[in-house]
Every structure is written in structure tokens, then in C-alpha cells.
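Worksheet: one structure, shown below.
The values are calculated or read from the model by the stated rules, or taken from the named source; none is laboratory data. Keep in mind the model is a prediction, meaning the values are calculated, not measured. FYI the Cβ positions are ideal-geometry reconstructions off the backbone, even for glycines, and counts take in every protein chain you see. Side chains included, ligands, DNA and RNA excluded: accessible areas come from the protein's heavy atoms. Shrake-Rupley method; radii C 1.70, N 1.55, O 1.52, S 1.80 Å.
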Amino acid sequence: MDTERRTRHYSNLESNSANAMVTETYKIDGMDCAEEVAALKAELARLPGISDMAFDVLNGKMTVVFSETKVTSDQLVTAVERTGMRAERWHDSAQRIDERRGWERWGRTALTLASGLCLVAGLVTHISAAGWRAAIGADEGMTIPLAARALYLAAVVAGAWYVAPKGWRALLRLRPDMNLLMTIAVAGALIIDEFLEAATVAFLFAVSLALESWSVGRARRAIAALMSISPNTARVVGADGNETMVDVRSVHVGTTILARPGEKFSLDGKIVKGETTVNQAPITGESLPVPKTAGDNVFAGTINEDGAVEFITTKPAEDTTLARIIRMVGDAQSKRSPSEQWVEQFARYYTPAVMLLAFAVMALPPLFTGGLWSRWFYEGLVLLVIACPCALVISTPVSIVAALTASARRGVLVKGGAYMEAPARLKAIAMDKTGTLTEGHPEVRLIVPLSGHTEDEVLQIAAAVEARSEHPLARAIVRAAAGKGIHPAAAQGLQAIKGKGATATIGGKLVWLGSHRLLEERGQETPLMHEQLERMEVDGSSVVVLGKNEHVCGFIALADRIRPQARMAVEQMRAAGIERVIMLTGDNQGTANAIAREAGVDEVRAELLPEDKVAAVADLVQRFGQVGMVGDGVNDAPAMARATLGIAMGAVGTDAALETADVALMSDDLMTVPWLIHHSRRTLGVIRQNIFASLAVKAVFVILTLFGHGSLWAAIAADTGMSLLVVFNALRLLGSNRTA
């Protein structure tokens, strides 16, 4: 996983533009599982000019990149209709298709209930007329009463109402799927006069499909709950002080909004008046409210707890942090995990293979051993039923969707199924120091003036050089100067020295500022200076050296506090199976060692330039194979890109972090990292349980059938039961604990 994966999307867009490629998104009515996705892929692949397709089953969304000179939108819609599904452009169809989906869900439920009632009524009628032995097929040669036959047939029609048309289309495409298998099995049972078996298979398969639709629907509702976090209206404060409730979509950036106590913030913004505490749990998962005052950022969907505040909007409704999270969670569904890819590949070969085995069971024993055609035809039908990969196919995507949704609730934004499984496989974790293991708010601890300068002069010159820098140490120096009422002169000709410091001209004289390493490289260090600097660094301080060409002006020692939960988080990472925790920092070795001792990390690499961090991560990948990199998502982006898994910490409101990382931790809670590892391991465990159980049940029934002991109703009952079990097992992930 390198930087190429992060730029591929944009390069594709550029090349597509050059070749008259367009991207269109459609809402697909009837796309509820992997079978429908496979059908759509097969149908659209026949069209010319299609360069890429992406499917989001959770939201019923299809995105197609195509050449408008070779294929039209109408042709795309027609191709979708040939699969039995319907497509409408995303922007104007969502509401109508959601309504149709609701009606179809009710219709499917009603037909499933009708099928079950007709099945029970038919069985009761059959028992009343011919006795229970005849009804269950124990008495050979007994004729099924006409009334029972009609009720069984009604159960078949109701149960297969949505299945048979899809099976027919699969046959026309010569692409066998579970719908075709069930249709053949039901039709075959009717042909050999096994009406009870046919009705039972139709009803139980309808139940299985209803369960699958329900599980996807529950996941959709979980995402919809995220979308409902943010209010639809905002209380706009006009220039005259009057308040007006308006739709958030019509609010422009820079508008003043009032948030009363107990209300949710309607948009992202910056407080300009008042102070309060804010419950940010809907986005970050933090349990404790966060104090906010003028100048602090607030985010849409978070809850204003104490005081009325006015804030100026900084983003439109469609681009708030919450809106971006919702979009990314939705897009994550189309990024399949390795387990999902394996299941799809397995099912592609498994289904045709078992169909061939079923036809062999139907034909070979009668031809070569003199077996009864009716008996072995029936056993072949049993194999067709058990060949249905329903439970197997739905087991993994439901697990991934549930895990992604639980993560989003915890304030952990995982970019896709592939990254949901990755934490479970990590062997080592590299962590940045500043802002990750430490709080990222260093303060000036000591100023050592030299060469006749005073403390205030050293601080004034340093603040002038650092005035425009965003580095945490630079901001600490500027804050310290402001706190003393020092107003630095303007610096001219500022030049950064990559990874070491900067130079500037102040009052007509060149000034340099930087690390201990820069002082050594300039050759201006004395033995006494070296001893002083070494002592400060061993004490845990980061030291900034200030000087001119003719002398060194002084030192500024700064210290950053380690996060209170850092040591516990590192210990829990080890408990989760991480073999090695490594700290990577550009800070000096002494400070790095002091922080490392407090945090309990296994290895320290200090005084690293950005490219050194990338090399360090590459070395760790070579040593351990699977390596995670935890950083701030901006300065550490190259190192995160080189790691197996990039994790951005404290990403709330940080656009770069949301875009860069594979996983974005919305809060600054370091304990979220071991929670993510445990959650990923639990997810992988659930996936493996579901796959193993699904295959085990099928293997048992294949063996029973080959020995002539299988039955249609038992096979479909087992398959439906497994579908139910894997769904409920997967949905347990929605209730993942909030602790590691």
C-alpha cells in the first residue's frame, strides 16, 4: 500500500477527462446482495466504453465511468433493466427508490407470510385427507388431495414470486446463481410430485432472502442514524440581531449562527461569542464534554450543553466534517475486504461445480448401477439446494458493514473493508511522538541567554522567526512571547532548512534558528554549550538554538507532556498481539528517550527527517511484514502511506487527515488504537466463524446426499438456518464495547 493508491483516483479522473470519459452515479432498485452485483457487472461488461464500475450494496448505489462517445446513459439504464433491476440517476431518484424499496420490502414480507400460511394450510389439509404418513411421504404411491395440491402450489408461487424471474434471467445469461438453483430445485420437486418439498423449499428460501434484506436494511438504518445526527435547520442571526430559522443547505460560509443550550450545532464553524461545553461523542466517540470558547472550532451534529454561543460557519452543509464522514462510510462499502474477495472468487467456481455434481448424481447411478431415476433425481435436487451459497455470500459483507458502522459510532473512520481487517494482522506499530504519544502542546520551560542577550531578547528574536510557522514548538515560542507582552519585529527573507530550522533577516542582520544538530553543523558549538544542551535533552526538553553568524544568542528549552493514557495504550497494544511498538520522531535523542521511558515503547528512532521516517517504516515493514503508522495525518502522511495501515489521530475537522489515512481516529484518545485492533480481530473472528460454519453445513449435506440420505426440506432448512445464524452473528459487531 503506497502513495500510488492515494493518487490513482485523481489520475484516473484526469485521464478520463482527456478521453471524454464521464462518471455517473445511479440508485439501483433491487440491488441487495452480491448476486445482484455480479449480474450487473456481467450485463454492463457487454457494453462498449465502460472503463470502471463501483457498487455500494448498502446504499443501493452504482457508479460507472464510461465513454459518452461509445455508450449513452439510456443504454446503461436499459442494461440494468435487463437484469430485472431498475436504475435512476442518483440526484433525483433516491427518495422514489427508497419508497419503492419500502413497498417491495413489505410486499416481500407479505408474500413470504402468505407462502408460509399456504404451506401450513396445505399440510393440515393433506394430513386431514390422507393421514400424516402420506403427507410427509412415508406412504409411497398415495395421491395428494386436490385442495392440498392447490395450497402447496400457492405456497410455491408466493415464495418464488421474486426468485423465479431472477432465475430465468440467470439462465438466459448462462450465469448460474442461487436464484436459478432454487428455481430448478422447486420445479424439479413439482415434476416428481413432491409438492410438500417444493412448497417448503420455496417458503424457506423466501425467508432466507427476507433475512438478507432485513440485515442489509438494518445496516442502512444504522448509517441513516449517522445522517440524522445533524439538524436540518439553523438559527441564523441577522445584522439587526433578529433570529431566523433556515434550511442548513441555504446557509453560506461566514454566516452567524446561534446555538442554544441543549441544541445541536447545525454546521461546522468557529465560536465568536459565548462559552460552553460541547458533547462531541456523535463524531469523536469521546465520553466527556469538551470546553469551548471564542476562537474554538465546533462541528455539525455535536451537542451544545451549557451556554448559548454564536459561531460563524466555516463550511457549507455538504462539506461539514460529519457530511464527509457519512460519505466516506458509505464509500467504504464498495472497498471489499480480502475475505469478501475470497468468498466471491470461491462462489464463482463453487456454484457451477456443485451444479455439475448434482447433474452427475441425477444421471450416473441410474445409468451405471441401475438406481431409480426418481430417487436419484430427487437427490440431485437436494444437492442443487445445498449448492446455494446464500449463507456463505452474505456472511462476510454483513460482518464488514456491521464492523464499519460500529467503528463510526466509536469515532473511528475506517476507509473500507480492506482496512477493517488490516489492524488484526498488524505485527508492529510505529507512532509519532508530538501530538500522538504526547499532547502536542509544548510549553517554554527555560530560556538561556548567551553573548550578552537577555531572555526577552532571545524570545523576541525567536518569535519573529517562528511567527508564521505551524510547528508545535514554533507556536509555543510565539505564545510565550505574547504572554510576556513581547511584540517581535517583522522577519524578512525567511528560509526553511528542511528538518533542521530556518533563517531570516531581522533588523538587517541574518539570524538562524534550529536544532542542536544545526548548531553542530554550523561549527559554533563550544564544549560548555554541548554539555548544557545534552543536560537539557536528557531531562526531556526539546531545545531550540538561536544565533547569528558571529555568535550564539541563546537556547530555548521546551517540554511536551506525555498523554496520561499513553503507557496503558501501549500495554494494551501488546495485549492485543502487537509484537513491537516503535516511536519515530524528529526530536533530539535525549527528549525522545525520556518520552519513550514514560510511554513504555520498545524502540526509539529520533532526529528523523521526513524522508528518514519513510525509510524507518520501510525497514519495519521488511522486518515485521504488517506495520501500522500512527500520526497526525499531515506531517506524517508519507510515512503512513508507506506503512501497511496509516492511522491518523485527532482527525476531527482536519481535512488532510480524513483524506490521507486509511483509518482516521476522530478524537485524541490514544486508547482508540488498541480498541481498533481488538475490534478488527473480533471482526475477522466473526467472518471466519461464518465462513467455516456455512461450508461445514454444506459439506455435511453433500456427504448425506451422496449416500442417499438427503432431503430437500432439511437442506433448505439448514441453509436458511445458517443464513439466520451468520446474520445474527455478524450483527453482534454493531454492539461492540466502547472499551478496548
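Remarks
- Accessible-area composition of region 229-280, carbon plus sulfur, in percent [1.4 Å probe]: 48 percent
- Of the solvent-accessible surface of region 433-543, computed with a 1.4 Å probe and all protein chains present, 53% belongs to carbon and sulfur.
- In terms of its C-alpha gyration tensor, region 457-571 has an oblate overall shape, because the principal axis ratio a/c (a ≥ b ≥ c, square roots of the eigenvalues) is not below 1.5 and a/b does not outweigh b/c.
- In loop segments of region 516-600 as defined by DSSP, the GluC sites (Glu not before Pro) with at most 14 further C-beta atoms inside 10 Å of their C-beta are 550, 579.
- Between residue 45 and residue 240, the contour length at 0.36 nm per residue exceeds the Cα-Cα span by 64.2 nm.
- Take region 481-622 with all the other protein chains still there, run a 1.4 Å probe, and you get 46 Å² of accessible area per residue.
- Amide H partners (placed H, <5 Å) of residue 233, local residues excluded: 248
- Share of carbon and sulfur in the accessible heavy-atom surface of region 557-705 [1.4 Å probe, %]: 54 percent
- Violating pairs (Cα-Cα greater than 18 angstrom) within the set 270/292; 41/61; 270/415: 270/415
- Charge tally for residue 663 (other residues, Cβ to Cβ under 12 Å; Lys, Arg +1; Asp, Glu -1): 0.
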